[in-house]
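The values are calculated or read from the model by the stated rules, or taken from the named source; none is laboratory data. What you see is a predicted model; the values in this text were computed from it and never measured. Neighbour counts are summed over all protein chains in view; Cβ atoms, including those assigned to glycine, are modelled from backbone coordinates with ideal geometry. Protein only, heavy atoms only, side chains kept; ligands, DNA and RNA dropped before computing areas. Shrake-Rupley method; radii C 1.70, N 1.55, O 1.52, S 1.80 Å.
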Amino acid sequence: MLKFDEKKGIMHAPIRMCVVCREKGAQKSLLRLQVKSGKAVKFTGFGRSFYLCELCAKKDEKTLQKAFSKSNKGFVEPNLREIL
């Protein structure tokens with residue numbers, strides 16, 4: 001989804017950052033998740049969320065658990081196999 005920047009007079013796509021690898025990418029190319037009851041779930045439209053790139057979604061559970069817990073200030077179970 002391109003948005004028009006009135007100050008610069010150009011179109012641009014929103015940029016977001018993956019919480020695991022810290023790489024920036026277009027919002028459309030990243031998976032948007034949130035934490036509910038200590039588990040990572042797809043974003044429901046309300047509350048805080050975080051983004052994950054496709055490469056990091058395939059990483060092992062331990063790496064994901066560490067990154068999710070850091071970004072959400074508490075233990076988070078990375079149940080991505082159920083989400084994807």
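Of all residues in segment 35-60, those satisfying the criterion of being in contact with a Leu (Cβ under 8 Å, 6 or more places away or on another chain) and in contact (Cβ under 8 Å) with a residue 12 or more places away in the chain are Ala40, Val41, Lys42, Ser49, Phe50, Tyr51, Leu52, Cys53, Glu54, Cys56, Ala57.
The helices (runs of 4 or more DSSP H) found wholly in segment 26-84 and carrying at least 3 residues that are under 22 Å from Ile15 (Cβ atoms) occupy 54-57, 61-72. Within segment 21-53, being hydrophobic (A, V, I, L, M, F, W, C) and open to solvent by 30 Å² or more (accessible area, probe 1.4 Å) holds for Cys21, Ala26, Leu31, Val35, Val41, Phe43, Phe46.
Consider Arg81 carefully, then state whether it is at pLDDT below 75, open to solvent by 90 Å² or more (accessible area, probe 1.4 Å) and out of contact with any strand residue (DSSP E or B) (no Cβ under 9 Å at 6 or more places or on another chain). Against the criterion (at pLDDT below 75, open to solvent by 90 Å² or more (accessible area, probe 1.4 Å) and out of contact with any strand residue (DSSP E or B) (no Cβ under 9 Å at 6 or more places or on another chain)), Arg81 qualifies.
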